[in-house]
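> The following block contains the structure, expressed as structure tokens.
Bear in mind these aren't lab numbers, they're just calculated from the coordinates by the rules spelled out. It should be emphasised that the depicted structure is a prediction, and the values quoted were computed from it without experimental measurement. When we count neighbours, we look across all protein chains shown, and the Cβ atoms used for this are built from the backbone with ideal geometry, even at glycine.
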Amino acid sequence: MGQKTAIHQGLIEVTDKLATMGLTVKILNDAIVAGEAARDMCTANDPQTAGGYDAWARATKSLREQLTADGWKRNDEGGLPVVVSPSGDLAVTVATGDENTGWTVDRNTGLPVSPRTKYAKGATTIALVTRNRMQPDFWEPDQEQVKVPDPARKTWFLLRIRDGESVRAELSLPAAVGDDGHVEEWLDRIILPPISLKPGGGILEQPSPESGDDRGIEIDVPVRRRSRQ
């Protein structure tokens, strides 16, 4: 197992942490909602994988559209679509997480939990994760595996998972990939408020594990959901 994970949660703490990165809850939520709107456009006539792919692709597109307007830059090196901050010291990519995404403790046992990516990752992601946890001066990429630019850059994952009419999400910095190729350890986790996808939208207050309520309660911070065309 790796080093201890720094966890940021609660709207004020999350907002302050994101501000140091040049990000906001709204930017991330708008990208997630755009992705879920694309998922909801799929029908039974689409391939079974279309919903998940469309949600990921549209969330990536929305995130890039919003951030490039603020001086961030698109980057697809190694086949991993990211958006890179103006300073170049951090990047964000979109990924799907498992059922522990957005939770810090198990809802039944109260024990700490940590998410994994839903899908196994390739050589580029493995190299990026290795780079995240090493000092730049000691980074020596495996040239036979993959070439990774800018050893000083940290690549964060915008993990999200659909749960009925809500989405749980977090912006987290990966630290280790398991033997099966799934990212399973994190240096930092910024737990985003769950998003309601009901008409009118809004973010949800994260419930306590003792409440027994998986969905949380709505608070008055609207998130606009795109209508179907």
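> Once you have a ≥ b ≥ c as the square roots of the Cα gyration tensor eigenvalues for segment 76-135, tell me rounded if a/c is under 1.5, and otherwise prolate or oblate according to whether a/b is larger than b/c.
Numbers: a/c = 2.28, a/b = 1.99, b/c = 1.15.
Since a/c reaches 1.5 and a/b is larger than b/c, the shape of segment 76-135 is classed as prolate.
> Please list 3J(HN,Hα) in residue order for segment 164-172, calculated via the Karplus relation 6.51 cos²θ - 1.76 cosθ + 1.60 where θ = phi - 60°; whole Hz, with x for glycine and proline.
Computed from phi, the couplings for segment 164-172 are x, 9, 9, 10, 9, 8, 7, 10, 9 Hz.
> How do 57-69, 182-194, 17-29 rank on mean C-beta neighbours within 10 Å, highest first? Could the numbers behind the result be given before it?
Details: 57-69: 18.8, 182-194: 21.5, 17-29: 17.2.
Result, highest mean first: 182-194, 57-69, 17-29.
> Need one word for segment 1-114: rounded, prolate or oblate. Basis is the Cα gyration tensor (sqrt eigenvalues a ≥ b ≥ c); a/c below 1.5 gives rounded, then a/b vs b/c decides.
oblate
> Grab the other residues whose beta carbon is less than 11 angstrom from that of Val94, score K and R as +1, D and E as -1, and report the net.
Around Val94, the charge tally is +4.
> If you don't mind, another one. Could you order the peptides 37-48, 71-82 from most to least packed, using the average number of other C-beta atoms within 10 Å per residue?
Ranked from most to least packed, the peptides come out as 71-82, 37-48.
> Return the whole-Å distance between the Cα centroid of segment 64-120 and the Cα centroid of segment 15-39.
Measuring centre to centre over Cα atoms gives 11 Å.
> Now for a different question. Which cross-chain or sequence-distant (5 or more) residues have an amide H under 5 Å from the amide H of Thr117, H modelled 1.01 Å from N in plane?
Under 5 Å from the amide H of Thr117: Val183.
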